[in-house]
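Okay, structure first, notes after.
Rule-based calculations on the coordinates, nothing more; no lab input. What you are looking at is a predicted structure, and each value in this text was computed from that prediction instead of being measured. Cβ sites come from the backbone with ideal geometry, for glycine too, and all protein chains shown count toward neighbours.
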Amino acid sequence: MKREAQRRDDEGGHMSCTGGRIVRNVGARMPYTVVLTLPGGETRQRDFPTMQEAEAFVRRNTPLPASRSTLHDHGEEGA
């Protein structure tokens with residue numbers, strides 16, 4: 001666990017990222033690349049060995065999605 005905590009501390013402080021995505025690189029030693037988008041449109045990349053690690057990195061370094069209203073998710077009555 002100490003290694004995981006240290007790795008989190010070394011993530012580079014991208015907490016101001018506006019979004020992130022994961023790209024799969026077939027055949028690469030580290031097959032998952034996270035691409036983080038900064039407010040000015042600049043991007044940063046980091047490679048990961050597993051999808052789970054890449055997803056966790058995106059969650060830690062990007063804002064939570066805005067909650068979505070469910071008012072319009074219901075079918076129309078009488079249709």
For the ranges 41-49, 22-30, 56-64, what's the packing order if you count other beta-carbon atoms within 10 Å of each residue, average per peptide, and put the highest first?
56-64, 41-49, 22-30
Nearest-0.05 FRET efficiency for S67 and A28, computed from C-beta distance (R0 35 Å):
0.45
Would you mind counting up the charge near E55? Only other residues with Cβ under 13 Å from its Cβ, with Lys and Arg at +1 and Asp and Glu at -1.
+4
Within 9 Å, Cβ to Cβ, of L36, how many net charges do the neighbouring residues add up to if Lys/Arg are +1 and Asp/Glu are -1?
+3
Give, as a single signed number, the net charge of other residues whose beta carbon lies under 11 Å from the beta carbon of G20, with Lys and Arg counted +1 and Asp and Glu -1.
+4
